[in-house]
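Only the coordinates and a few stated rules stand behind these numbers; no lab work does. All values derive from a computational prediction rather than experimental measurement. Cβ: placed from backbone, ideal geometry, glycine included. Neighbour counts: every protein chain shown.
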Amino acid sequence: MRYSFFVLLFFPLFTFAQGTSPKGTSRHPVPVAEAKAPLVSEAHQLTLSAALDMLGRAQAKAASTQKVVSVAVVDASGEVLLLTRGDGVGPHNTEAARRKAYTALSTKTATLTLGRNAKTNPDTENLAHLPELLLLGGGIPLWHEGKVIGGLGIAGGGGPEQDDAIARAALLPEANTTTR
């Protein structure tokens, strides 16, 4: 009985306390101004099937010059979709191919162009010192409808120009992929 009396006495105070807020604030969140840009965008995904097609084209182009190469394909987030080392290709070429693909994706520039520009431009020469970037020819960004959807890297083809030519031969024009 005594307990009931205190509950009845203090109950109105508890409900009143929950209904108040500090001066200038509200119990309800302030509506956020409408966003100017969409919060979610449509993204095109590079598929494993496309990566395998590019692998076949790169291997065919390399074979036409009596070369065997390492091939890497990364998606738009830099994750490896495909990484192969051709028979007899030095093991360092596998990592080189991956880093070329990543560099091309990340910088949105072919690594042959990037490397040459870095040597002649003091503002970009330090790119060569970033851990994941590799400024050797053979990496190309993969563009589709104005957006980079991945990167392709070739290593072991006999030099930067040859690696670049092999990478470009692997593009999928029927899927509207370009280097820009």
Order by protection proxy (mean Cβ within 10 Å, highest first), peptides 163-173, 128-138, 75-85, 94-104
94-104, 163-173, 128-138, 75-85
What distance in nm lies between label points placed 7 Å from Cα along the C-beta direction at E132 and T178?
2.7 nm
Distance violations [Cα-Cα > 26 Å] among K67/K119; K67/K147; K36/K100; K100/K147:
K67/K119; K67/K147; K36/K100
Label point at A43 placed 7 Å out along Cα→Cβ; residues across segment 144-180 whose backbone nitrogen lies under 14 Å
147-151
